[in-house]
1. Working carefully through the options 128, 205, 159, 194, find the one that is touching a Gly at 6+ places or on another chain (Cβ under 6 Å), within 29 Å of residue 36 (Cβ to Cβ) and in contact (Cβ under 8 Å) with a residue 12 or more places away in the chain.
2. Hey, any hits in the range 12-33 for a residue that's surrounded by fewer than 17 Cβ atoms within 10 Å (Cβ to Cβ) and outside any helix (DSSP H, G or I)?
3. Looking only at residues in the range 80-127 that are in contact with a helix residue (DSSP H, G or I) (Cβ under 6 Å, 6 or more places away or on another chain) and of a type in the set (S, T, N, Q), which one is nearest to the ligand (Cβ to nearest atom)?
4. Can you name the residue in the range 38-82 that is under 18 Å from the mean Cα position of the chain (by Cα) and of a type in the set (S, T, N, Q) and is also farthest from residue 95 (Cα to Cα) among such residues?
5. Quick check on my filter: what residues within the range 200-236 are under 30 Å from residue 293 (Cα atoms) and among the hydrophobic types (A, V, I, L, M, F, W, C)?
6. What are the residue pairs meeting all of these: first residue in the range 339-355, first residue more than 15 Å from residue 365 (Cα to Cα), second residue in a helix (DSSP H, G or I) and near the ligand (Cβ under 7 Å from one of its atoms), Cβ atoms under 8 Å, and 6 or more apart or on different chains?
7. Quick check on my filter: what residues within the range 128-141 are in a loop (DSSP other than H, G, I, E, B) and either out of contact with any strand residue (DSSP E or B) (no Cβ under 9 Å at 6 or more places or on another chain) or away from the ligand (no atom under 14 Å from the Cβ) (or both)?
8. Check whether at least one residue in the range 117-125 is of a type in the set (D, E, K, R), within 20 Å of the chain's Cα centre (by Cα), farther than 14 Å from residue 51 by Cα and surrounded by fewer than 21 Cβ atoms within 10 Å (Cβ to Cβ), and report yes or no.
Amino acid sequence: MDFGFTDQQRLFCDSIAAFARMELAAGALARAHAPEFPRDVAKRMAAIGLLGVTIPEADGGTGGTLMDAVLAIEQVAKYCPRSADAIAEGNFGAIRVLAHFGSDDQKRRYLAPLIRGEEVIVVAMTEPDAGSATTDLKTTATPDGKGFRINGSKVFPNPFADQYLVYVRYGPGVEGIGSVLLRRDARGFSIGKPSKFMSGANWAPIFFDNVHVPPEDVLLPAGGFRKQIAGFNAERIGNATRSLAYGQYCFDAAREYALIRKQFGRPLCEFQGLQWKFADMKVKLDAARSALVADETTIAKLMCNQTGFEVANEALQVMGGLGYTQETLVEYCVRRSRGWMIAGGSIEMLKNRLAASIFERTFSQRPSKTNK
Ligand SMILES: Cc1cc2nc3c(=O)[nH]c(=O)nc-3n(C[C@H](O)[C@H](O)[C@H](O)COP(=O)(O)OP(=O)(O)OC[C@H]3O[C@@H](n4cnc5c(N)ncnc54)[C@H](O)[C@@H]3O)c2cc1C
C-alpha cells in the first residue's frame, strides 16, 4: 500500500535503516533481554539527531514533525525493536510535555540532558488506587513557604530513570491536579523493590516522603491536568508506532521463514492455511498504518496496539517451535506488544473515548453520578 511519502521522507528512512542495520542489528537479541533502558543507544541516536526530532530548534531539538519521529521508530525497529524505545522516549510523552510547558530554566536543566541522550525521564502517574481513573490520584503537593512538599506513592514506572515527571494533587478535584519535576537523588524520594513486567523490563513502586520541590521545579500548577493529558496524546503515537513496528518486524521474520522452511517436502508459504494468515496480517498492518498516518490518536493507538499484538502472535504461530524460543525476537515482540494494550490508555479506555465521541455525550464511569 502506498502511503504517499515524499522523496525526502524516503531518503530519511533509507539513511536511518542503513544506520540501524550496520550499528544496531547485531546486538538486537541481547538488548531485548536486558531489563534496563538502552542508554548506549540513546547516546548514539542523539549524536545523529534522532532525539528531540519533534522539539523546536529553539529548545535544542531539530524542529521536525511527529511523522519524522514515527518513521525513525519504524526504521530502527526493523533491525532492533528494543532500540526503538530510545527514539520513542526521546520524542514522545514526557519530553514533549516538558518542551511545551517547561520554563527556560527547566528546559536547560531537565530537557537539554534528555535531548543529548544523557538522561532518561519517565512519567509517574499511576498509583495503587488510581490506574485508569487517573484523576483519583492522591499524591499531594503541599505549600511549605519555600515551594512544595510531595507525599504519596506511584506504581509501574521505570526505576532506572534520572528524572520523574510526577502528577500531583495541589487541591481537590481535577482542577487540583498538576505536575512537578524531580530527580532520583531528591531527599525523601525512594524506589521500592524492582519487579518485572511480562516484557522482562523492570518496574518498581516509588515513594515520596516529604520531598521538597522548589517553585522552579513546578511544571504545571493546579489546573494543569488537561494540558498535560493533551501532551500525553502524542505519547500515544509513540506507543502506537512501536506496536505497529513490532508487528511488522514479526511479519517480516515469519515471511522469510515461510519461504525457506520446508515441511511435507514443500516450503511453508505453499500451504494455503498459512497464506491466508499472511493475507490477514497484511490487511491488519496496512489498515493500522493508515490510522497512524491519519493522526487520530485514539483510533491510531487502538488499531496499532491490537494489530501489533495480533500480528506478532500469529507470526509466532507460523514459525512453530522456533517462534516460541528466544532464538528470535518474535516471542519478545509478542510479550512486549501485549503491554501497550494496557499502558498509556488501555484498549477499553480508548473505546470509552470513542463511544463518547460517537454519541457526542459524556458517559461518567462513576457509580454515584447519573450518566449525562
Ligand atoms: C508496560 C507498562 C508500562 C507502564 N509504564 C508506566 C509509567 O511509566 N508510568 C506510569 O505512571 N504508569 C505506567 N504504567 C501503568 C499504566 O498506565 C496502567 O497500568 C494503566 O493506566 C491501567 O491502570 P491499572 O493497571 O491500574 O488497571 P485498572 O485501571 O485497574 O484497570 C483494570 C482493567 O479494567 C479496565 N477498566 C478500568 N476502568 C474501565 C472502564 N471505565 N471501562 C472499561 N474498562 C475499564 C482496564 O482497561 C483494565 O483492562 C505502565 C503499564 C504497563 C503495562
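1. 205
2. Checking the range 12-33: at least one residue is surrounded by fewer than 17 Cβ atoms within 10 Å (Cβ to Cβ) and outside any helix (DSSP H, G or I).
3. Per the stated criteria, the residue is 91.
4. 75
5. 201, 225, 229, 230, 232, 234
6. What qualifies is 341/347.
7. Listed by number, the residues that qualify are 129, 131, 132, 133.
8. Within the range 117-125, not a single residue is of a type in the set (D, E, K, R), within 20 Å of the chain's Cα centre (by Cα), farther than 14 Å from residue 51 by Cα and surrounded by fewer than 21 Cβ atoms within 10 Å (Cβ to Cβ).
Since every read-out is calculated from the coordinates, none of them should be taken as a lab result. Just so it is clear, the model here is predicted, and its values are computed rather than measured. In this analysis, Cβ positions are derived from the backbone assuming ideal geometry, glycine residues included, and neighbour counts consider all displayed protein chains.
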